[in-house]
Every structure is written in structure tokens, then in C-alpha cells.
Amino acid sequence: MQKKWVPTPIEIAKKPDYILPGHRLCAGCAAPIIVKLTLKAVPNPENTVLVNATGCLEVATTIFPYTAWKRPWIHNAFENAAATASGVVAAFKALKKKGVWKDEEPTVIVFGGDGGTYDIGLQALSGAIERGHKFTYVLYDNEAYMNTGIQRSGSTPFAAATTTSPAGKVIPGKPQWKKPIGFIIAAHMNAYVATVNPYYWQDFVVKVRKAVEYDGPSFIHAISTCDRGWRFDPSLSMRISKLATDTCLHPLWEFDPETREFKITGQSLYLAKNPDKIIPVEEYLKLQGRFRHLFKPVRRDDLIKTIQDRVMKEWKYLLKLAGFES
Amino acid sequence: MVEEQEERLLNGDEATAWAAYHVEPDVVAAYPITPQTIIVERFSEFVADGLVRTEFVSVESEHSAMSACVGAAAAGGRAFTATAANGLQLMNEILYIASSLRLPIVMAVANRAVSGPINIHCDHTDAMNVRDAGWVMLFCEDAQEVYDTVIQAFKIAENPNVLLPVIVSFDGFLISHTAQKVKVFKDPSVVREKFLGGPRKPAKIKLMGQEVELSLNPKNPVPVTFGPLDLYDYYFEHKRQQSLAMQNAYNVVKEVHEEYARLSGRRYGDGVTVPYKLDDAEIAVVAMGSAPGTMRYVIDEMREEGIKIGLLRLRLFRPFPYRDIMEKLKHVKVVGVFDRAQDQGMMGGPLFIETRAALYELESRPKVVNYVFGLGGRDTPPEMFREAFDELVGISKGTVKPFIRKYLGVRE
Ligand SMILES: Cc1ncc(C[n+]2csc(CCOP(=O)(O)OP(=O)(O)O)c2C)c(N)n1
């Protein structure tokens, strides 16, 4: 891997944007921030091709005849962004062999939502990673099918209310836990994998740069706050994003397929060394309407504790994977 | 000038693989399914032996095969795939996207019955299932025609007035697995350079006042957004443009067929339809795929008996050549349309319905009846066709009552 690149805020701010204003994503949506940060981390953004799965990001950025994309961009369907990307990568490889494409092969970056990644697109993603195409898949994880109106996905957290896992009189939101997508992709053993949080932007861009420079597939899992679906005031977006990591719900780590090592990074590394600084999940949950039923009309201490225990169990598992003794 | 060729013993699948070898697409993305499998196997060998520089992407499903072809073609490459039956159905969603993105992908389909029940043998239900997906569709009669047509398909698809994907169909097992002598060009550059004009050159479009390549080329002065959200204010116009492109394909199929004939010395009618003993016919049969071979044998037999019967084989199915059908069949009394495809809940097989609709335009119309035959690979011997043809003669003489549809060779 490359030697460490640590950009300053000014360096990042000065880099051009490739998703332009005027798109119709909601105020408070983290997805365009994730796109911006991703493209600011690419060493040669002018030589980039973007692929987008169906979902909020695709729909809200390309309402014909407008487009927010200042890079070549393709949307094919919902479940096949990774397969589409394999075709793009393969074509440039062949065109290069034939001498038709004379430059370096473009950096191919995919953006997919959690529905398009955890669920309907998992097969195509797994296939593309197994085949070893060199592309970076950026999952913007807003933890439900937001574009179709907040339905639960394999990523929706336990107890969260969505329109298909409502908080009812008997069932208090989603009964299942979130699928560990990062570990699933890491288990392919040939992809660089990292979790990121747009609030912790420096950790974010450093990892994306590693991802695009890795000679093989790479996968970036970005938590993507959604004020409409999670039910919070748009102004709280980055605060809630920060809490996702500070509570250890979305810890920051990376997996290096060369060394087969998991590493805890950034704020999560700080929390690994200072466990007393970990914030209780309740602080995160209580800001969001999707968890309101845990607090009103009666406080569900049992469920809050179940979530807290699970988060700590997974955090301990990660610490173990990353070589921390606990 | 006819170019130098060599004879090889090839079945339809191998002929497809040889055509792909001679074209040398940039990307072949495919998934195995009987009876198409030999295509991907042979082509993998060409790749493994370094005969082509193609990137062979052995995807994890047909859905991904078509998706990867979309990505490859949007990137500016030549993309090829092959499938059949269930594989084609799994691709269905992306077939419509490929044609709407105006990507010149070429796909071979070794026609096979669709599950269920699961069956691996020939009928045309798989292709008929995707007849409205916006792909140009050609049906071949034998392995030689398959080789020739796959090569032609790239040139049809890439024509700037077309820019549509093309399906080349041929009967599973009957053609895909039946070896025959096939002439192939000795020098692949006849196909790659002389016929196709070198690597694919994506079409040019105007975007924000600038000329750009209709591709994901990062060097475009204005980057292209492929596959945007297209609502009620533009979608309809885009679909209309697509149907005009399909109309344009008709002439291009003929031109490319003729251009190729000058290099190969081989013709299939005018590239659109292949008539046989039709000029003075009173009775005509209409069919696609390999059955016309058997039908010609029966027709010859009946002609010797003085019966005026002929055949119209459709090579082009999309765009549907309804004017040719009107022109070629306007003088006959009875038309029998032979559908090797399911007709669940329909008035008849799809070929019948469209042929009959075309003939409705005529001032004086022939009687048009339908035979559904050969489903799931059910054998189609000459005697079976003879029985049906005799019935058509009976209708022409008034001794048999006309009907709409019958099933041939089925136990009722
Ligand atoms: C095959 C298919 N099934 C369903 C849909 C409908 N659909 C469009 S977007 C979407 C949800 C997208 O969810 P996600 O991937 O989480 O992205 P988000 O919209 O939340 O950003 C669904 C279900 C579709 N377009 N295609």
C-alpha cells in the first residue's frame, strides 16, 4: 500500500467538485457529501468513470434533461451496478490492449445504496469482487430503501421503524439485526474494505485513496444519515453521523487483503484506547424518530439494553479481529 | 471480390464462437446454459490460446452478463454475449435498458423451450418472450448462416442510424449441436478491418453545444450521463426515437447483408425474407429457424405432384417485415403460419398473429391459419408437415373448413 497521505482541510476544500449544485437530494442527506469526499480523494479525478445503482442518489441527480454529474456516469439498474462496472473495467482493459485507449485505464467508482448492495445487488457485487475487477464500490448506507419510501432493508438496524417494519402494538420495529456487509465483502479475501463516516472526513478520504490505489476490487462502507427516513431535523445530520461512530454502532476500520489484517482507525482507534469515551447508544437513538417507540409512550429499557449489549458484543469482536486484547 | 475462405466442420455454437473470434469483441460476458454452452467454451479456448485480445468476463449470472455488456458497450467497446431460455429470461430487465441506452450489443440465442417444466430442447418461446424489448432479431436456418449473421449483426447494431442491440437466434440442438461444413474467412482481418472497419467508433452526438462521443469516454469535452431518470416530459419522445431507429434497421439489415455477400459470396434471400417457390404459389407456409429446411423437402415433393405450394422464411423478425409479407403473399389463397412457440391465452402463436395482421392490409386477403408445433424439442418429421400442408390444400379447394389454430404432433 501507498505511504500515508494526510490531507489538510484546505487541500480538500480546494479540490474541484464533480457533483454539482442543483440536484434534488434532500437538505440534510449525507449521500452528496459522501460523493464529494470520494471524488476529492481520487488522485486523478478527470480520468474517472462513475456507475450508480438505482436509488435516491441516482434519481435525484439526473432528472432529464439535467444532470449533476461532471464525470462520465452510468445508471443501468438497481441490482447490477457492480456487474455494469465489471463491463466498464473490462472494456477499457481490452481497448488498452488493442491500443485504442492510450492513457491509463480510468478509475471506476460505483455508488450504491444499502438496498442495492446488501440485498438485491449482493450477488452481482460478490461476483464482481470474486473476479477481481479493479473498481471501488462505495456503499452509501442510509439503512433502508429510501427512494421508494423508507422500507426496511438488510441494513436496517434492529428496532428501527420503517414503512415495512413499523413499530406496532406487538412488534416494535425491525426484529432482525443489521447484516455485517463489510465482513462479508472482506471474506472474499481479495478486496480492500473500509468503513467510513463523512463526519470523520480525513479518515474517509485517506481510505478512499487507498481503495482506488489498491490493485484490485475495493469496498467503502459509508454511513449515510437520512433525515426523512430516520426522522430527525436536517440540521442534526452530521451530529447524528458523528454519534454513529462515537457509540461504536458504525466503527471505523479497514481490512488489508494483502496482510489479512483488520485495523481500527481514526476516532474508533481513539475509543479503543479510551473505552470510557464511548457514548451510550441511547444518545444516538433518542435523536431519531425511527426509534421513538423505544422512548414513548413508555420507555423500553429492555430494548435499549438489548441494542447496547449487541453493539458492545460486536465492538469486542472487532477489537479481537484487530488484535486488541480486552 | 469474394475473400478467401476455408471449410470447417462446425456446429451452430462453434460457428458462433468462430464468428466472435473473427470479430474479436472487446468484451464477451457470458454464463453457461444448454444449448449455448459450447459457444462460451470454444470462445474461452480462443482467449486462452491468445487468438483474441477480448476480455472474457465469466459472470455469475445472465443478468450480470447483460449488465456487463451494457457497461462495456457504454464504455465504447464491442460487447457480445450468448444465452438461451431461462438465461434470456433472467436478462429480460436489462434487455430493455440496453436498447433504450442505444447500445450496439450483439447476442446469440440458441433457442430453447422456457421452464416450466424444465426442458433443454428447441422451441422459440424464449426469443418470443423478448420480442418487444427493442432488439433487432434475426433467425438463422443453419450453422453457416449463424456464422455469417453474427458477423453482420455487429455492423447492423453499430450503424449510426440504428444503434440498437441485435439478437441472432438459431434452433437449440437442431442447429447449435449439429455439425455441418461451414465456410469461414481465412484471415480474420477481413472481418475485423475490411468489413467492420477496425475497432468500434462510438457515434457522435451534440451535447451542450459540443460534439461528444456517445460513450463514457472521460476525455469527452462534456461528460455523458447514461441512464438518467426520464419522466413524462421526455420519456415518450425517447421511446419514439427508439422506434424510428428500429424502423431504420430494416434497410440497414438489407444493406449489410448485401455488403457481406460481396465478401462471402453467400446470400439469404434479400437478408430480410427468404422466399422459396413462391412466385406461382397458391398456398404459402411461413416459418422461422431450421424447420424451413424440412419444409422445403416436403414442398419439393408436393411440387412434383403439381401442387403449387411455396415457403416464406422470415430471417428478420424485428423490425417485423410486414410490407415484405404483404408483397410476397398477396397472390396466394391460403397461408399456413408455423409457430414454434407457446400461445398461452393468445389468438395463436406470435408469428401467426403478426403475419395475419400484416395481411389484413391487403384488399383481397388470403385465408391465414396457424399451426403450433415442435414445443420442447418435439420432433418435426416431413410427414407431419405434409399432413398440415395437405390440409392447407384442402382449405384452398374448399374441402377443409378453415380454422384459426391447430397443434401439430401433440397428444390431445
Ligand atoms: C428490480 C427492481 N426492484 C425494485 C425497484 C424499486 N426501487 C427503486 S429504488 C429502490 C430502493 C433503493 O434503496 P437503496 O438501495 O437503499 O437506496 P436509497 O434509495 O435508500 O438511496 C427500490 C426498491 C427497482 N428499481 N428495480
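The values are calculated or read from the model by the stated rules, or taken from the named source; none is laboratory data. Every value quoted in this text rests on a predicted model; they were computed, and no experiment measured them. Here the Cβ is made from the backbone with ideal geometry for all residues, glycine too, and neighbour counts use every protein chain on show. These area figures cover heavy atoms from the full protein model, side chains too; ligands, DNA and RNA do not enter into them. Shrake-Rupley method; radii C 1.70, N 1.55, O 1.52, S 1.80 Å.
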> Can you find even one residue in the range A:149-160 that is away from the ligand (no atom under 16 Å from the Cβ), open to solvent by less than 10 Å² (accessible area, probe 1.4 Å) and assigned to a helix (DSSP H, G or I)?
Replying inline: no
>> Being more than 14 Å from chain A (Cβ to nearest Cβ) and assigned to a loop (DSSP other than H, G, I, E, B) narrows it down to one residue among B:249, B:245, B:281; which is it?
In response: B:281
> Is it fair to say residue B:323 is in contact with a strand residue (DSSP E or B) (Cβ under 7 Å, 6 or more places away or on another chain), open to solvent by 70 Å² or more (accessible area, probe 1.4 Å), in a helix (DSSP H, G or I) and not aromatic (Phe, Trp, Tyr)?
Replying inline: no
>> Condition first: open to solvent by less than 10 Å² (accessible area, probe 1.4 Å) and facing another protein chain (nearest Cβ under 10 Å). Can you find one or more residues in the range B:91-98 that meet it?
In response: yes
>> Please count how many residues of the range A:40-54 are within 13 Å of the ligand (Cβ to nearest atom) and open to solvent by less than 10 Å² (accessible area, probe 1.4 Å).
In response: 2
> Failed condition for residue A:135, given (1) surrounded by fewer than 24 Cβ atoms within 10 Å (Cβ to Cβ); (2) away from the ligand (no atom under 16 Å from the Cβ), with all others met?
Replying inline: (1)
> Could you count how many residues in the range B:70-90 are assigned to a helix (DSSP H, G or I) and either more than 17 Å from residue A:132 (Cα to Cα) or more than 7 Å from chain A (Cβ to nearest Cβ) (or both)?
Replying inline: 9
>> Quick test for you: out of A:102, A:96, pick the one residue that is open to solvent by 10 Å² or more (accessible area, probe 1.4 Å), assigned to a helix (DSSP H, G or I), at pLDDT 95 or above and more than 8 Å from chain B (Cβ to nearest Cβ).
In response: A:96
>> Just to confirm my filter: which helices (runs of 4 or more DSSP H) fall fully inside the range A:1-73 and include at least 2 residues that are in contact with a strand residue (DSSP E or B) (Cβ under 9 Å, 6 or more places away or on another chain) and more than 14 Å from chain B (Cβ to nearest Cβ)?
In response: A:31-41
>> Filter the range B:100-124 down to the residues that are surrounded by fewer than 23 Cβ atoms within 10 Å (Cβ to Cβ) and not in a loop (DSSP other than H, G, I, E, B) and list them by number.
In response: B:100
> Across the range A:179-235, what is the number of residues that are under 13 Å from the mean Cα position of the chain (by Cα), farther than 27 Å from residue A:45 by Cα and among the hydroxyl-bearing types (Ser, Thr, Tyr)?
Replying inline: 0
> From the set of residues in the range B:301-320 that are open to solvent by 10 Å² or more (accessible area, probe 1.4 Å) and in contact (Cβ under 8 Å) with a residue 12 or more places away in the chain, which is nearest to residue B:382 (Cα to Cα)?
Replying inline: B:301
>> Would you confirm, using the coordinates I've provided, whether residue A:111 is within 14 Å of chain B (Cβ to nearest Cβ), more than 14 Å from the ligand (Cβ to nearest atom), open to solvent by less than 10 Å² (accessible area, probe 1.4 Å) and at pLDDT 95 or above?
In response: no
